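Scroll down for the structure; my scribbles are underneath it.
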Amino acid sequence: QVQLVESGGGLVQAGGSLRLSCAASGRTFSMYSMGWFRQAPGKEREFVAAIRWSGGPTSYADSVKGRFTISRDNAKNTVYLQMNSLKPEDTAVYYCAAGKDGGSSWARYDYWGQGTQVTVSS
């Protein structure tokens, strides 16, 4: 079992930055690939970024490539999402997820956090 708790969301102006954190419980954190997904009101949940259990390779949605960076610290059982050059269209609830397989499909993840709101004002 893995429990995930996100933090770091908030309100930021366009062009600003935020860093999301996802703290995981459980001794097997390092065995899981981790992903970030987001869901805006009225829209489907979409993939943002993923990182393999070893810390690499990483993958990103085209919409965030070059602006967002996913990383993990297995010693701290934490995965991060550094978000730079934020745009109003990045506004959503952001979720972290853990799965043995990982990747860009939400169906490949077994555990989910409760989400953290990110709001980008124009």
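The values are calculated or read from the model by the stated rules, or taken from the named source; none is laboratory data. Note that this is a predicted model, so its numbers are computed, not measured. All Cβ positions, glycine included, derive from the backbone under ideal geometry; neighbour counts span all protein chains shown. SASA here: full protein model, heavy atoms, side chains in, ligands and nucleic acids out. Shrake-Rupley method; radii C 1.70, N 1.55, O 1.52, S 1.80 Å.
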**Prompt:** So Ala75 fits all but one of (1) open to solvent by less than 20 Å² (accessible area, probe 1.4 Å); (2) in a loop (DSSP other than H, G, I, E, B); (3) under 23 Å from Val2 (Cβ atoms); what number is the exception?
**Reply:** (1)
**Prompt:** Which condition number in (1) within 14 Å of the chain's Cα centre (by Cα); (2) open to solvent by less than 20 Å² (accessible area, probe 1.4 Å) is the one that Thr69 fails?
**Reply:** (2)
**Prompt:** What is the residue count in the stretch 86-107 for residues that are open to solvent by less than 60 Å² (accessible area, probe 1.4 Å) and either among the hydrophobic types (A, V, I, L, M, F, W, C) or out of contact with any Asp or Glu (no Cβ under 9 Å at 6 or more places or on another chain) (or both)?
**Reply:** 12
**Message:** Condition first: small (Gly, Ala, Ser) and closer than 20 Å to Leu18 by Cα. Now tell me which residues in the stretch 76-122 satisfy that.
**Reply:** Ser85, Ala92, Ala97, Gly113, Gly115, Ser121, Ser122
**Item:** Count of the stretch 108-120 residues which are open to solvent by 40 Å² or more (accessible area, probe 1.4 Å) and not hydrophobic (A, V, I, L, M, F, W, C)
**Value:** 6
**Item:** Scope the stretch 18-28; condition small (Gly, Ala, Ser), open to solvent by 20 Å² or more (accessible area, probe 1.4 Å) and under 15 Å from Gly115 (Cα atoms); matching residues
**Value:** Ser21, Ala23
**Asked** List the pairs whose first member sits in the stretch 105-120 and is more than 15 Å from Ile51 (Cβ to Cβ), whose second member is surrounded by fewer than 15 Cβ atoms within 10 Å (Cβ to Cβ) and hydroxyl-bearing (Ser, Thr, Tyr), and whose Cβ atoms are under 9 Å apart, counting only residues at least 6 apart or on separate chains?
**Response** Thr116/Ser7
**Asked** When residues of the stretch 79-107 are filtered for being out of contact with any Gly (no Cβ under 7 Å at 6 or more places or on another chain), closer than 17 Å to Ala24 by Cα, modelled with pLDDT of 95 or more and not aliphatic (A, V, I, L, M), how many remain?
**Response** 1
**Asked** How many of the residues making up the stretch 29-64 are part of a strand (DSSP E or B), among the hydrophobic types (A, V, I, L, M, F, W, C) and open to solvent by 10 Å² or more (accessible area, probe 1.4 Å)?
**Response** 1
